[in-house]
Amino acid sequence: MSALQEPRILFITSEVYPLCKTGGLGDVSAALPAALRLQQTDTRLLLPGYPQVLAGVKYKSKVAEFGQLAHYPPSFLLSARLSLSKAENIPVFVIDCPGLFQREGGPYMDALGRDWPDNALRFGLLSKIGAILASDASPLAWRPHIAHCNDWQSGLTPAYLHYHRGKKAATLVTIHNLAYQGVFPPGTVVQLGLPAESFNMHGVEYYGNFSFLKAGLYYADHITTVSPNYAEEIQTDNLGFGLQGLLAARKQHLTGIINGIDTREWNPATDRHLVKNYNNLNLPDKAANKHALQQQMGLAPDPDIPLLGVVSRLNHQKGTDLLIQIAPQLVKLPAQLVVLGSDQAELEHQFSTLVQTYPGSIAVRIGFDEGLSHLIEAGVDCFLMPSRFEPCGLNQMYSQRYGTPPIVHATGGLLDTVVDYNPSTLADGTASGFLFYPMQADTLLHTIQQAIRAYHNKKNWQRLQKNGMAKDFGWPASAATYRQIYLSLLS
Ligand code: ADP
Ligand code: GLC
């Protein structure tokens, strides 16, 4: 097969569902490669060998050994398979380096929420091995045409390839979230074996420090991000996180491609985490999930009270602090609120305190719970995403598919995927949720009130639900756009 018929793609990522997921990157790293493989690309993953990855992949075999690379400890490369379903088995390469990856805790942080102190080495190694596999220095016969990097953790692959003199793959960096950049002290350049001369503004340097993401955005042949609107926003002072100048200068090489969702994993008609499955022809069956959720979470069982839900990392980006501010008014509307999330201790504490103040009306589960996240999508009446910024966001798409209109801040990918409810969008059949702007507690409250008025008009509400359920959020269209970009890089 020629490159133009079936390009070979090395998809480098630091997390993948179901083995290791802290957010949307995990979902995308499973579903996008699977969709790409259905579109005549030979896409394979490269992953760090965390304990859950080593335990979860199948058919492992050792295919290479890396001795001392710069200051990196020795490691092995395993070839294996990631099975997503009976029919889907994605080839993966796993970096087995016990000194860097074999430990309890999360992929980026320890159990107490502190960044691992050796993250530069951990993800430097991921980037370095990505670069080796994507060049003529590779010990493998399988050689990719494209190294597709994701977020800062693989941002150094294009930098290493830039300094490789032999044959090499083209590079694409996808920004899932510009807020996380992998910034380390200047000495990192030497520690990770990059030439000292790369430490300048036309290279890996970022305001006096060393930045993985800056390096990726500077050296990559092409950049994508996960929605068209976010691609514009990151070129502005407001949401550019210091990289707006570089991104605006590279805008000819920057494309926004909306994420899709895994429509088999997220399907209310078959979802195994629901107490009752439903579709747009038997929407009343959704109510059984509301009842179960109210019972399970200690909320007053009431089929008619509007139940609002959140599944989110609890941090500044996600704007859930606004919900803490408006909790007293929410409860009085009346409405109930269920929150599943974790991240910043202060927000976790504030949400937990709300449960004591408003028992039966507000329920909170601190932690990560895949099954409960599905039941919330199905069981609540409205899903809340008051994100200050949101590169794409997946939950607003899941919720539309589950007949649960989302209420979202008009930003990033939320603006690209939710159509605001008003008389004209209701009439033309496009309304699918509620957008609020600006990012303030009173506008959010006002929009929730508007949504609740709509909720009490059962006919309009069902139209809104069905519009969302009928939307196509699948991956094929976006995967086809990635494929076109790969091909344009090869021609
Ligand atoms: P982000 O990647 O910024 O966190 P996304 O909306 O793209 O936001 O994706 C978040 C993903 O992580 C979704 O699949 C969501 O359901 C999931 N998620 C977030 N927090 C939790 C949690 N506490 N428990 C279960 N799933 C969660
Ligand atoms: C990031 C973003 C989120 C996006 C996800 C997957 O974590 O915060 O908006 O959906 O990556 O691309």
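Data for the structure
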{"read-out": "Diffusion coefficient, µm² s⁻¹, Stokes-Einstein with Kirkwood Rh over alpha-carbon pairs of segment 283-470 at 4 °C and 1.567 mPa s", "value": "80"}
{"read-out": "Surface/4 estimate of mean projected area, convex hull on alpha-carbon atoms of segment 13-172, nm²", "value": "9.1"}
{"read-out": "Structure-based [θ]222 nm, the chain - -39500 (n - 2.57) summed over DSSP H runs of at least 4, per residue, nearest 500", "value": "-10500 deg cm²/dmol"}
{"read-out": "Within segment 239-287, trypsin sites (Lys or Arg not before Pro) in DSSP loop having at most 11 other beta-carbon neighbours inside 10 Å", "value": "272"}
{"read-out": "With every protein chain in place, the chain: carbon and sulfur % of accessible area (1.4 Å)", "value": "53"}
{"read-out": "Bins of 10 Å, starting at 0 and running to the largest distance - Cα pair percent for segment 228-326", "value": "12, 24, 27, 20, 15, 2"}
{"read-out": "Charge dipole of segment 283-470 about the Cα centre (unit charges at C-beta), most positive-ward option of 425, 357, 322", "value": "425"}
{"read-out": "Semi-axes of the equivalent ellipsoid for segment 277-339, Cα gyration tensor, largest first, Å", "value": "24, 15, 11"}
{"read-out": "Pairs from 332/458; 128/251; 21/167; 286/458; 251/471 whose Cα-Cα separation, in the structure shown, is over 25 Å", "value": "128/251; 21/167; 251/471"}
{"read-out": "Average accessible surface area per residue within the chain, 1.4 Å rolling probe, Å²", "value": "39"}
{"read-out": "Cα Rg over Rh - the chain, Kirkwood", "value": "0.98"}
{"read-out": "Loop-resident sites, segment 190-281, for chymotrypsin sites (Phe, Trp or Tyr not before Pro), counting at most 12 other Cβ within 10 Å (DSSP)", "value": "207"}
{"read-out": "Residues in segment 331-350 reached by a label modelled at residue 356 [backbone nitrogen below 16 Å; 7 Å Cα→Cβ]", "value": "346-350"}
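The values are calculated or read from the model by the stated rules, or taken from the named source; none is laboratory data. Being a predicted model, the structure only gives us computed values, none of them experimental. All Cβ positions, glycine included, derive from the backbone under ideal geometry; neighbour counts span all protein chains shown. Surface accessibility is based on the protein's heavy atoms, side chains included, excluding ligands, DNA and RNA. Shrake-Rupley method; radii C 1.70, N 1.55, O 1.52, S 1.80 Å.
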